Structures are given as structure tokens and as C-alpha cells.
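Encoded as C-alpha cells, the structure appears first; notes follow it.
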Amino acid sequence: MTKPKQALSSTRKILQTQASSTALTGVSIAIVMVIFATVLAGYFQYGNISISSAVATQQNNFVLWILDIVPFAFAFWGQRMSSTMSLRADAIVNDRTEQLRQQARVMELQAAHDATHDALTNLPNRIEFANLLKREVTQANARAEKLALVTLSIDQFKEINASLGNAVGDQILQQMADRLLSVAVYPMTVARTGGDEFSLIIPDIDDTSRVIDIVEKLTATLHSLFSIGKFPIAIQVSIGATLYPEHNHEPEVLTLYADLAMRSAKISQDRFAFFEESMARPDTRQLQMVGALRKALQNNLMSLYYQPKVDASSRQLISAEVLARWFHSDLGQIYPDEFVPLAERSGLINELTYWVINESLRQCAQWRGEHGLIISLAVNLSVQTLIDPELPNRVSACLAKHDIPAYHLSFEITETSIMSDAARSLQVLQALIDLGLEISIDDFGTGYSSLSYLKQLPASEIKIDRSFVDNILNDPGDATIVRSTIQLAHNFGLKVVAEGVENEQVAQQLTQWDCDILQGYYLSKPLDPEEFMDWLQRQSA
Ligand code: C2E
Ligand code: CA
Ligand code: CA
């Protein structure tokens, strides 16, 4: 690549050469004019054209002397022009390079900011909060200081959204962020760690009275009326707090403790609670898990299972859904319904998802090597990964690393997760589609599902949730929902997958209704890589 300095000096040389050659042309023209004028003047003065008449004219004619100066004037002027122009070019190129450099710097900073901040409130998001907490805990440890982690959530926020609309809910959250920042000033940290949840780090505390003091201020500011539109709105918050190092040393465990304290506050009179050991008891399994999850990811203790998605009429494999499994030495097999929400709450979900993407593509490349065929994969995405602007680049790098074409990979995303930060997730989705990936709307029917808005989503497939599929033979209501969903989705040009198909009758009914793809225990349970290849070979036998 050309460096800016090199570009600058070559631009300067080009301009200098151009200016010099223009000056040279000027000098040449002037010399020709002098010769011509001399010859002409000699002719008029002596009546002939010869060298001697020209020399004599030059000696006697005062006007020619003036003309003789012109080429020197041109030469001098040309030189001046060329150096002035090159200096000006220097300045212009310098300015432009600096401008471009600054623009690039601003764009880099913006992208980094977007990845770590919540778009609505501009506060750090959950992932960033996990990083900040880790840093604060390390610092507190080094300085032998204490800190408090405070988590608060709005009571009945869902009802506020449902009755007053999401736009009002959004404004409440924005105003809350401002109010929190007015109390939690530097060196405290405030983040939006969930839909209606905010968290604070209070560093360097001596005792609990400082935490109580801040919590009282927070409660006072948040409980005064919000004015949005014409109506004043009152909200109530529940607040939980935990202390480092008194309650625990691990940032992930502290996060969970603050959450437990906040949940317990929701049912207490004054809506505030410090963590207590008794709160953790029913959750010991969860606590063990949160401590072990990061290590499991780092030490490759996770594994992947693959569940076939088959064509409804031919029952041939279309693709495989990738499902994560975790085998824990004490706790045994742990299913994603348990550890995925935990990974989401403790800020580890991106790490988990990027591991899943990489490992499943690696497996896919291995199968290709061993069996000569590429299995298309469907990977589940959580909302926090969906809004990560890094996602498209990382996916694309992973595909390139394992040399798998993008159209062999699709993502399953719930519509609730798309809608939770629609602007940003649609941007990332579009970038994924531009790469050539397909998008599938998972658990269809359980969210805000309105088919009319579905057409605005850049998806190519919907998966009807298994809670509907389960009952199509004995619940006429579910049967109608599934049947009309298939028809409407087809009208929008979407493929339809039915998940949770557990017997032949359901499979046949769905096929009759024109459902495209079937998935469920009846066709196959999720399988480990070896079992999956055995299944495939049995199918084609
Ligand atoms: P999901 O995306 O709805 O995945 C389908 C779940 O239904 C799987 O459970 C699968 O084992 C189960 N299933 C499949 N066929 C049947 C059936 O015929 N009957 C019944 N009753 N269940 C069936 P699993 O593997 O426990 O996954 C649960 C959820 O965890 C998944 O739901 C998905 O949302 C999430 N998940 C799994 N792996 C990942 C992952 O790598 N990343 C993320 N973000 N989420 C994941
Ligand atoms: Ca899924
Ligand atoms: Ca599903």
C-alpha cells in the first residue's frame, strides 16, 4: 500500500513537472517571438533578411531589448509558479489526508461504541458491563478495597409497555438513564443490563451505609413522576445489592447475587434487599454453573449436537440445527434451556455463540473431508449476538477459514429478539444476508407475531413453535393457526418449518397442509456428529 508521505511527494513531483513544462513552453514561445521580431525589424531597417542585419538590429533597437527580457521573465515566473503550486499541493494533500485519517478514527470509535452501548439510552450494555465489572473487581482486589454491585428493575414494565405503548416505555427508559446518571456520578458506573434492568458499580465503599445512601437517592429520583406526553407516569423499582469481597470474589457470581437480591426485593416491603446466603440456596446449581461456564468455554468442554431438518414430502435431509450441550463433571449433562439464559445474563453469550459457529463449521469441513458432502447448518442466535456489529465480519472470517460457502449457513432468531432492538438488528441481519446467509424466524407464534409485519423482516423461513405443532390433531384452534400460518407464510414467499414433530400422523397432516420442512424427535433426536453421519447413511441406504 502507498503510504501518505510517499503519495504526497509523488503528487508534488507531478505538479512540479507539470508547472515546469508549462513554463518551458512559455519560454520557447517567447524565444521564437524574439527571433521572429528581430528578423522582421532587421528587414524593415536594412531591407534584407540576414544574420548581420539581425545582429545590427539587436544592437540598435531599444524595443527589442525589452522583448529580449520576456523569455527570462517567463522562466523566472514559471519556476516561481511551480514551487508555489507544489507547496499549495502539499498543504491540500496534507489537509485531506488528515481529514480522512480523522474520519476513519471517528468511524472506528463509533463502531466500538455501538458494540458496547445500548442504542436507546447510550449506556454501556450488558456485555460491556460484564467487562467493566471484571475490571473494577480486579482493581478493588489490587487496592484491597470493597465495592458494591447494585441491580434495579422496573416493576410491571411489561404492563406499562402493553398499556401505554412501546414508545412511552422507551421514553421512560431514556429518562431513567438520565436520572440514574445524575445520582451515580463518577467513579460509579451505570449500565443498561436488560430490558427494564439497570446495574451500577459503586467502587471504594467503606460500609453498607454508603450503598444505602445511594440507593435512597436512586429511589427518590426514580419514584418522582415522569412526564411523557400529556400524562404524568409513576413507576416503581426494586433494587438488589451485593458486596465484593464480602459476598463473593467472582464477577459472574456477583452479577447473579445482585439479581437474586433484586428478585427478593420485588416481594419485600421496601423494595430493596442486600444479598443474603439464604437467597442463593435454591439456586446452588445455577451458581455452580455460572462459575463453571466460562471455564467450560475456554477448555472446550461444550459439545454440539445436530438435529435433522427434512423435506416434508421426500423426508430427505435439508439441513441440521446446531444445538449446544455441556457436560459438567458434577452436574452431568446440562441443556441449553438452562445455560443459554445464564450465558445471556452473565455476559458470556457472544463467546458461546462464536464458539458454536466456529465449531459447527469446523465439523462441517471435517464431514466434507470424510464423506465428500457439505451439510447445511442452522445456528441459533441470541439477541445480544444479533446486535453485535462484529457478527457479520466474524461469521465471514469463520466461513473463509473453513472454506464453507455462506449459503450453507443460516441463523435461527426469535422475532422477540429482533424487535428488542429492531434498528440495530435489522442492520446486522441485512449485512448477514448480503454475505449470502439465510435467516429463519424461530419459535414463530410465541412472540408479537403479526404476519403482516413479518414481511418487513429479511427472513426466508419461519419455524412454527412446537407448542402449536404438538396439538394439531386434537386442538382445532392450534390446527387452524398452523394451517393458516403455512398459507400466509407461503404468500409472503417464506418456507415453513414445523418443529417438535413427534409422530407420523402429525408429519402426514403437516405435509398435507403443504408445510415444507419437518423437524422433531419422530424424524430424529439431536445427534452427536458420529450418530448424525450414521443416521444420514441409514437414510440414503
Ligand atoms: P430451539 O431453537 O427451539 O431448539 C429446539 C429445541 O427443541 C431443542 O432443545 C431440541 O432438542 C428440542 N426438540 C427437537 N425436537 C423435539 C421434539 O420433537 N419434541 C420436543 N419436546 N422437543 C424437541 P435444546 O437442544 O434443549 O435447545 C433448547 C433451546 O436452547 C433451543 O430452542 C435454542 O433456543 C437454545 N439453544 C440451543 N443451542 C443454542 C446455541 O448454540 N446458541 C443459542 N443462542 N441458543 C441455543
Ligand atoms: Ca432453533
Ligand atoms: Ca424453536
Check: Taking N as the number of residues in the chain, what value does Rg over Cα atoms divided by 2.2 N^0.38 Å take?
Finding: 1.52
Checklist line | Karplus-derived 3J(HN,Hα), 6.51/-1.76/1.60, for each residue of the stretch 499-512, Hz, glycine and proline x | finding: 9, x, 7, 10, 8, 5, 4, 5, 4, 5, 4, 5, 5, 4
Check: Any idea how far apart Glu159 and Leu473 come out in nm if each label point goes 7 Å out from Cα toward Cβ?
Finding: 4.1
Item checked: Distance from the stretch 470-541 to the stretch 267-334 (C-alpha centre basis), Å -> 25
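Trypsin sites (Lys or Arg not before Pro) within the stretch 206-311: which are DSSP loop residues with at most 12 other Cβ atoms inside 10 Å? The partial results should precede the final answer.
Values: sites: Arg210, Lys217, Lys230, Arg263, Lys266, Arg271, Arg285, Arg294, Lys295, Lys309; in loops: Lys230, Arg271.
Passing both the DSSP loop test and the Cβ count: Lys230.
Hey, with R₀ at 25 Å, roughly what FRET efficiency would Ala144 and Asp213 work out to, going by the Cβ-Cβ distance, to 0.05? Each step should come with its number before you reach the end.
Details: r = 22 Å, r/R0 = 0.90.
My answer for the efficiency is 0.65.
Would you mind computing Rg(Cα) / (2.2 N^0.38 Å) for the stretch 286-540, counting N as its residues? Spell out each step's value before the answer.
Details: Rg = 17.9 Å, N = 255, 2.2 N^0.38 = 18.1 Å.
The stretch 286-540 yields a ratio of 0.99.
Would the stretch 196-318 count as rounded, prolate or oblate if I go by the C-alpha gyration tensor, calling it rounded below 1.5 in a/c and otherwise prolate when a/b exceeds b/c, oblate otherwise? Walk me through the numbers on the way to the answer.
Working: a/c = 3.04, a/b = 1.54, b/c = 1.97.
Taking the square roots of the gyration eigenvalues as a ≥ b ≥ c, the stretch 196-318 is oblate.
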Note to self: Per 0.36 nm of contour for each residue apart, how much would the distance between Gln505 and Asn166 grow if the chain were fully extended, relative to their Cα-Cα spacing?
What the structure shows: 117.9 nm
Margin query: Taking amide H atoms as placed 1.01 Å from N in the peptide plane, list the residues 5 or more away in sequence, or in a different chain, whose amide H sits under 5 Å from that of Thr193.
Written below: Phe198, Ser199
Item checked: Sum of -39500 (n - 2.57) over DSSP H runs of 4+, divided by residues of the chain (222 nm, nearest 500) -> -19000 deg cm²/dmol
Checklist line | Cut-off under 5 Å, modelled amide H: who pairs with Ser376 long-range | finding: Ala320
Checklist line | Helix 51-60 axis, angle to the chain major axis (alpha carbon atoms, nearest 10°) | finding: 90
Next item on the list: State the percent of C-alpha pairs, over all pairs in the stretch 126-275, separated by a distance greater than 28 angstrom.
Entry: 17
Margin query: I'd like the Karplus ³J(HN,Hα) series for the stretch 238-244: coefficients 6.51, -1.76, 1.60, θ = phi - 60°, whole numbers in Hz, and an x wherever there's a Gly or Pro.
Written below: 10, 10, x, 9, 9, 10, 9
Next item on the list: Work out from phi, with θ = phi - 60° and the Karplus expression 6.51 cos²θ - 1.76 cosθ + 1.60, the ³J(HN,Hα) of each residue of the stretch 329-340, listed in order in whole Hz, and give x for Gly and Pro.
Entry: 4, 8, 8, x, 6, 10, 8, x, 4, 8, 8, 5
Check: In whole Å, how far is the Cα centre of the stretch 354-391 from that of the stretch 23-62?
Finding: 85
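Please give the FRET efficiency for Ala431 paired with Arg362, using the beta carbon to beta carbon distance and R0 = 25 Å, rounded to the nearest 0.05. Don't skip to the end; give the middle numbers.
Values: r = 23 Å, r/R0 = 0.92.
Here the calculated transfer efficiency is 0.65.
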Notebook entry, point to check: Roughly how big is the chain's charge dipole about its Cα centre, with Cβ charges of +1 (Lys, Arg) and -1 (Asp, Glu), in debye to the nearest 20?
Noted result: 2580
Check: If exposed GluC sites (Glu not before Pro) are those in a DSSP loop with at most 16 other Cβ within 10 Å, what is the longest stretch of the chain that has none?
Finding: 1-144
Checklist line | Signed unit charges on C-beta, dipole axis of the chain, positive-most listed residue Ala234, Tyr43, Cys515 | finding: Tyr43
Next item on the list: Find which of Asn393, Trp367, Val34 sits farthest along the positive direction of the dipole of the chain, computed with +1 on the beta-carbon of Lys and Arg, -1 on that of Asp and Glu, about the Cα centre.
Entry: Val34
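Which whole-number value in Å³ per residue fits the convex hull of the alpha carbons of the stretch 390-541?
Working: hull volume 19.9 nm³, N = 152.
So the per-residue hull volume is 131 Å³.
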Notebook entry, point to check: With labels modelled as points extended 7 Å from the Cα through the Cβ direction, what inter-label distance (nm, one decimal) is found for Phe44 paired with Gln333?
Noted result: 11.3
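For Phe36 and Ile92, what is the calculated FRET efficiency with R₀ set at 30 Å and r taken between the beta-carbons, to the nearest 0.05?
Working from the Cβ atoms, E equals 0.15.
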Next item on the list: Based on other C-beta atoms within 10 Å, arrange Thr151, Thr414, Thr480 from fewest to most.
Entry: Thr480, Thr414, Thr151
Notebook entry, point to check: Once both axes come from the Cα atoms, what is the angle between helix 476-491 and the longest principal axis of the chain, in degrees from 0 to 90, rounded to 10?
Noted result: 10
Next item on the list: Give me the distance in nm between label points sitting 7 Å out from Cα along the Cα-to-Cβ direction at Glu108 and Arg538, one decimal.
Entry: 5.5
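Each reported figure results from applying straightforward, stated rules to the coordinates on display, with no laboratory input. Computed from a predicted structure; not experimentally measured. Ideal geometry is used to build each Cβ from the backbone, glycine not excepted, and the neighbour counts take in all protein chains shown.
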